[in-house]
Amino acid sequence: MKILLTGHKGFIGQHMLRALSEHDVTTFEWGETLPPVQSFDWVIHVGAISSTTERDVNKVMEQNYDFSVDLYRQCRHWEVNFQFASSASVYGLNNNFTEDGPVDPRTPYAWSKYMVERFIKKYPPVNSVAQCFRYFNVYGPEGEEHKGDQASPYYKFGQQAKGYGRIKIFDDSQHYQRDFIHVSKIVDYHLKFLDIPVSGVYNLGTGSTKSFFDVAMEVGKQYPSIIEHMPMPAELLQSYQKYTCADLTKLNEIIAG
């Protein structure tokens, strides 16, 4: 199978590239020349500005929305199957996490993801497939070094514990519950859907939650450390998701098929 993979230098892209070793894969990163889309069976588009705190709206729109829509248009025209990495950030401060439920994007990043989904829904493929995957909180053993403050708490807490013997968490972190999914599971779902010729939007999570405090305690058992509390920065207060938990009903029905 011939596959074009975008964002292969990123956290998820690195793991995806290794998992696709049995296929004929061509990679693309922002700033390079895009190869002819019509020569591929699938385009797996995981490349994006992934920072949820990026406030340069033009930059986010250019790379996350404009490019993604143009890439999808080409796939639709040439009847090439398309996988798009969306995000659970589109749910915002909602507590309803069904794919057909309400959305509440609160950052340029979240808006860019939702708008691509909306474009694909408005202009669905005719003789190909378009799959949008709403990632919940992805973490993994390696590949997050470049993400800085956007790295998962598993990675950040581990670095703090190993380097300083201290883990810093926000006040009331025991009340912040997230659906954390290992990067290997994200990759597994992408690969499974290569053999499922069905379009749509699908949550990719575990359907269960852990608090940030639980994660800190888990990491602290591996690397003995002290947990310190700190106030949440003011710029995060209006967009920080207090609770996420993927509704996997639609995903499980498709996979059970």
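Assorted remarks:
- Rounded to the nearest 500, the 222 nm mean residue ellipticity of the chain from helices alone is -9500 deg cm²/dmol, with -39,500 (n - 2.57) taken per DSSP H run of at least 4 residues.
- Electrostatic dipole magnitude of the chain [Cβ: Lys, Arg +1; Asp, Glu -1; Cα centre; debye, to 20]: 200
- Computed packing ranks the peptides 20-26, 31-37 as 20-26, 31-37, most packed first, by mean other Cβ atoms within 10 Å.
- Folded to 0 to 90 degrees: helix 153-164 orientation relative to the chain principal axis, Cα: 40
- Charge dipole (the chain, unit charges on Cβ, about Cα centre) - positive-most of Tyr202, Asn94, Pro124: Asn94
- Charge sum, other residues only, whose C-beta stays under 12 Å from Asp179's C-beta, Lys/Arg counted +1 and Asp/Glu -1: +3
- Segments 79-85, 228-234 sorted - mean Cβ within 10 Å per residue, highest first: 79-85, 228-234
- Across the chain, the mean sequence separation of Cα contacts (distance under 8 Å, 6 or more residues apart), normalised by length, yields a relative contact order of 20 percent.
- 0 to 90° range, to nearest 10: angle between helix 67-78 axis and the chain longest Cα axis: 30
- Residue among Ile167, Ile196, Ile49 with the largest mean-square fluctuation in a Gaussian network model of the chain, springs linking Cα atoms under 10 Å: Ile196
- Pairs from Lys59/Lys162; Lys192/Lys221; Lys113/Lys221; Lys121/Lys168; Lys2/Lys210; Lys59/Lys121 whose Cα-Cα separation, in the structure shown, is over 31 Å: Lys59/Lys162; Lys192/Lys221; Lys113/Lys221; Lys121/Lys168; Lys2/Lys210
- Once C-alpha pairs closer than 8 Å and six or more residues apart are averaged by separation and normalised to the residue number of the stretch 1-75, the relative contact order reads 36 percent.
- Hits among aspartates and glutamates - C-alpha to C-alpha of Lys242 under 18 Å, sequence gap 8 or more where chains match: Asp104, Asp149, Asp171, Asp172, Asp179, Asp214
- Gap separating the Cα centres of the stretch 43-107 and the stretch 125-197, nearest whole Å: 16
- Relative contact order for the stretch 1-146, counting Cα pairs under 8 Å that sit 6 or more residues apart, in percent: 25
- For the chain, the longest principal axis of the C-alpha atoms and the axis of helix 108-122 are separated by about 30°.
Each value in this text was obtained by applying a stated rule to the coordinates, not by laboratory testing. Predicted model, so just to flag it, every value in this text is computed and none were measured. In this analysis, Cβ positions are derived from the backbone assuming ideal geometry, glycine residues included, and neighbour counts consider all displayed protein chains.
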